[in-house]
Amino acid sequence: MAKLIMTLDGAVVREFPIDKDSISIGRKHGNDIQLNDLTVSGRHALIVTMGEHTYVDDLGSTNGTLLNGARVAKTLIKHGDVIQIGNYQFTYYEDEQTEYEPTMFIQAEIEDTQVIDPNAVKAPSAPRGERLAGVRILNGPMAKKVLELRKPFNTIGFNGIKMAMIARNADNYTISGLKSNKLRRANDVPMLNGKPITTAATVLKEHDIIELAGTQMEFFYFD
């Protein structure tokens, strides 16, 4: 049976089996999946199964629904796709034989036009002088997925542990390590091109390889 793996800040929160034709997601009571998140609309999205295919259907939500980092309306989803609703991510798994590694979830960025509430003041936008960049996952269950680095500060990590921060500056992107006493294995140390990432900011170059707990991702600029 297919399922959704719900994560928050990279940590696995819960699994939801897709055991009926339609699963509603939203902030209000009565949804199949209720999210206590002010960036989520009352009835935000549906997961709809029709025959052998499953779709994500945005219900006209205020902040939108992202699929692998791109805003969508009604779209077919496939094994390994990541749906972002508010601050939560849902990874779609359709193959029971495929094991997922909870430490491999990396937080995708929410569009910086999101609305917290109708009276909220819009947060400052990210620097616009530098070209937009992203990271492309090279291995693991999220292989080939692309995450945009739109925000001034973008944290990456695993299993709820923030390991590094990518900063978007006026003329470049930099990466720096974040200290944590929760890292227990030597290979948990984040790496850049095979070398440990320190707390000092390092300028990222096109095609640099970042590695977190065995997951590799390539830094690149969008055309």
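Would it be correct to say that residue 75 is in contact (Cβ under 8 Å) with a residue 40 or more places away in the chain and open to solvent by 30 Å² or more (accessible area, probe 1.4 Å)? So residue 75 fails the test.
Residues in segment 37-53 that are out of contact with any Phe, Trp or Tyr (no Cβ under 7 Å at 6 or more places or on another chain), open to solvent by less than 50 Å² (accessible area, probe 1.4 Å) and not in a loop (DSSP other than H, G, I, E, B): 45, 46, 47, 49. Listed by first and then second residue, the pairs linking a residue in segment 130-156 that is in contact (Cβ under 8 Å) with a residue 40 or more places away in the chain to a residue that is β-branched (Val, Ile, Thr) and open to solvent by 30 Å² or more (accessible area, probe 1.4 Å), with Cβ atoms under 6 Å apart and 6 or more places separating them unless they lie on different chains, are 134/146; 136/146. Of all residues in segment 58-71, those that are more than 17 Å from residue 23 (Cα to Cα) and either without any contact (Cβ under 8 Å) to a residue 40 or more places away in the chain or in contact with a helix residue (DSSP H, G or I) (Cβ under 9 Å, 6 or more places away or on another chain) (or both) total 1.
The values are calculated or read from the model by the stated rules, or taken from the named source; none is laboratory data. Source: prediction; values computed, not measured. Methodologically, a virtual Cβ is constructed for each residue, glycine included, from the backbone with ideal geometry; neighbour enumeration extends over all protein chains shown. In case anyone asks, the SASA skips ligands and DNA or RNA and just uses the protein heavy atoms, side chains included. Shrake-Rupley method; radii C 1.70, N 1.55, O 1.52, S 1.80 Å.
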